[in-house]
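Encoded as C-alpha cells, the structure appears first; notes follow it.
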Amino acid sequence: MHLPNQADTICALATAPGLGAIAVIRVSGPNTFPIVESVFKTKKGKVKNFEIITSHTLHFGDIVLDDQTLDEVLISVFKNPHSYTGQDTIEISCHGSTYIQQQILQLLQQKGARLAEPGEFTLRAFLNGKLDLSQAEAVADLISSQHASAHQTAMQQLRGGYSHAIQELRTQLLNFASLIELELDFAEEDVEFANRDQLSKLVNELLKSVRTLRESYATGNALKNGIPVVIAGKPNVGKSTLLNALLNDDKAIVSDIAGTTRDVIEDQLVIDGYRFRFMDTAGLRATGDVIEQLGVERSYEYARKANIILYLCDPAQSTAKEIEEEITDLQNKVGEDKFILTVVNKCDLHDQSKLGDYANLPNVIFIAAKTQLHLEELKKQLIIGSGVASLENENQLVTNARHEGALAKAEEALVRVITGMHGNLTSDLLALDLKDAIYHLGLITGEIYSDDLLGNIFSKFCIGK
Ligand SMILES: Nc1nc2c(ncn2[C@@H]2O[C@H](COP(=O)(O)OP(=O)(O)OP(=O)(O)O)[C@@H](O)[C@H]2O)c(=O)[nH]1
Ligand SMILES: [Mg+2]
C-alpha cells in the first residue's frame, strides 16, 4: 500500500457533512497559501499575502468565484511547523450550506489542491513528528467518545499516556542491543560489553512494566467500550424485568413462563459517565429442550467474559442456603476472581424482616425490578464493583487492541531473552530476541511502522481529520 503524497496540498470539510450554522474547510500542504490567496479577497478587495502574515491570526473577507462573492468567511492561518499537520494550514470558516461547502471545495481543487483521504491530516501530523502513533490513534478515539470515561481515556492517551514510558524502556533496550551487536563484531575475542547482570535486571523490570500495561487492557477496554455485566439466575427470577427496568425500555420479553429468554439480549446504559453493557441471559436450569440448553450454555459463556455478574434470585423460589450453593457452583464455573453481586429480587412481595437469612449472602443487595425498588443502590454497587472509578485517573491504561497485541509480542520476546540468558544463549541469538522486543514496542508509538500499518490505522479516521 502506498501512502498519499505529502507534497500535495489537501483540502476537506472538517465539520460534519450537511447543514449547519457554519462549516470549516481545512487546507494543508506546501501550496496552501498561494491556493487560498487566489480565491480570497479582503473586504477592501485586496489580495492577502499569507506568507508575510503572522501565524495564528484570523482574517475576514470573501471567497470569490468569477468576480462573484460566494461567501463571507473567516480564515485562520497556521504556519509550518506550528500547525496540526506541521505544514502550512488554513481553516476556512464559511456558512454551513452544503452548496457553499461544495463550491469552495471545488474552487480549491481547481486551484491545485486535492481532496484529502480519511485521516490524512492526522497522518501528516504523525509523519511530521507532531504526534506519535498512539496519540494519533487517541485522536480517533476522542472524536468517537460518547461518554465520560471513553473521553477521559482518550485524553489521557492523547497527552502521551504510556507512550513516554514505552519509549524510555525501548531506548534502554536499544542501548543494550547495540552493545551486544558490538560483541558480535569481536566474536573471536570472547568479550562482553553488555553487562549481563545489568541486562538481566533491565529485562526483568521491563517485563514487569509490559505485563502491568497488558493487564490494564481489561479495564481500559471496559472504560472505552463499556463494562460487560451479565444478568444471570434461574428461570423466572426477573432477569429480563431487571434489564428492562435499567434501560427504561421494553427490550426483552417478560413472562411468568419459565424459560422465556433463550438468547443473550444486550444493551448499553451510561451510569455516572461510565458505560455498562448489560446482558440478559437464559435462565440457568437443566432442561431437555435443546434450544433452551444452548441458551443456558451461552449464559455461562457470557458470564465468563463479563466483568460483573448480577446473580438474580427470588426468595419465593429458593432458600438462602440454596442460593449460596448456586453461587458457589457458578463461581466455580466462571472463575474464582469473577465479581458476583447477589441480587435478591421481588422484594415488593416479601416482608424484608423475613429475609434475614438472605442478608448474609455474599455481596447481597435487595431490589424489586418490577417496581424499580433500590435500582439506584444497585447502580452504585455496579460502579463500586467494577472498580473503574479508582482506575480512571491511572494514566497507564491500555485501551487499544493493537497496543495490547504488540505488548503481548514484546512480552514473549522478553521472556525468551530471560530464558536465553539463563541458558547462556549466544550473543547473536540473544540479539535477535532483543530486537524482536524492541520492534514490537516501537510499533506502539510508531517509531517503527509500515505503510500498511499506517494505511490500516488512518483509513478508519473520518475525512477532514
Ligand atoms: N412482583 C414482582 N414480580 C416480578 C419482579 N421482577 C419480575 N417479576 C415477574 O416475574 C416473572 C418473570 O420475569 P422475567 O423477567 O421474565 O424473568 P426471567 O428471569 O427473565 O425469566 P426467564 O427468561 O424465563 O429466565 C414475570 O411475571 C415478572 O413480571 C419483581 O420485582 N416483583
Ligand atoms: Mg428472561
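Flag not set for residue 366, criterion: within 17 Å of the chain's Cα centre (by Cα) and not aliphatic (A, V, I, L, M). Filtered by the rule that a residue be among the aliphatic types (A, V, I, L, M), touching a residue at least 40 places away in the same chain (Cβ under 8 Å) and in a loop (DSSP other than H, G, I, E, B), the range 308-336 gives no residues.
Consider the range 233-259 and keep the residues that are under 15 Å from residue 370 (Cβ atoms), of a type in the set (A, V, I, L, M) and within 6 Å of ligand 1 (Cβ to nearest atom). The one that is surrounded by the fewest Cβ atoms within 10 Å (Cβ to Cβ) is 254.
Exactly one residue among 346, 379, 354 is of a type in the set (D, E, K, R), assigned by TED's automatic domain parsing to the domain that holds residue 303, crowded, with 17+ Cβ neighbours inside 10 Å and more than 21 Å from the chain's Cα centre (by Cα), and that residue is 346. Any chance the range 282-298 includes a residue that's within 12 Å of ligand 1 (Cβ to nearest atom), farther than 30 Å from residue 154 by Cβ, at pLDDT 90 or above and among the hydroxyl-bearing types (Ser, Thr, Tyr)? Taking every residue of the range 282-298 in turn, none turns out to be within 12 Å of ligand 1 (Cβ to nearest atom), farther than 30 Å from residue 154 by Cβ, at pLDDT 90 or above and among the hydroxyl-bearing types (Ser, Thr, Tyr). Any idea how many residues of the range 55-75 are farther than 15 Å from residue 32 by Cα and in a loop (DSSP other than H, G, I, E, B)? Final tally of qualifying residues: 2.
Just to verify a result, which residue in the range 330-346, among those that are under 16 Å from residue 235 (Cβ atoms) and not β-branched (Val, Ile, Thr), is farthest from ligand 1 (Cβ to nearest atom)? The selected residue is 330.
Within this structure, residue 81 passes the test of being in the same structural domain as residue 14 (by TED's automatic domain parsing) and out of contact with any helix residue (DSSP H, G or I) (no Cβ under 7 Å at 6 or more places or on another chain). Only a single criterion out of (1) within 16 Å of ligand 1 (Cβ to nearest atom); (2) touching a Ser or Thr at 6+ places or on another chain (Cβ under 9 Å) is not satisfied by residue 223, namely (1).
The values are calculated or read from the model by the stated rules, or taken from the named source; none is laboratory data. Being a predicted model, the structure only gives us computed values, none of them experimental. Using ideal geometry, Cβ is built from the backbone for each residue, glycine included, and neighbour counts are taken over all protein chains shown.
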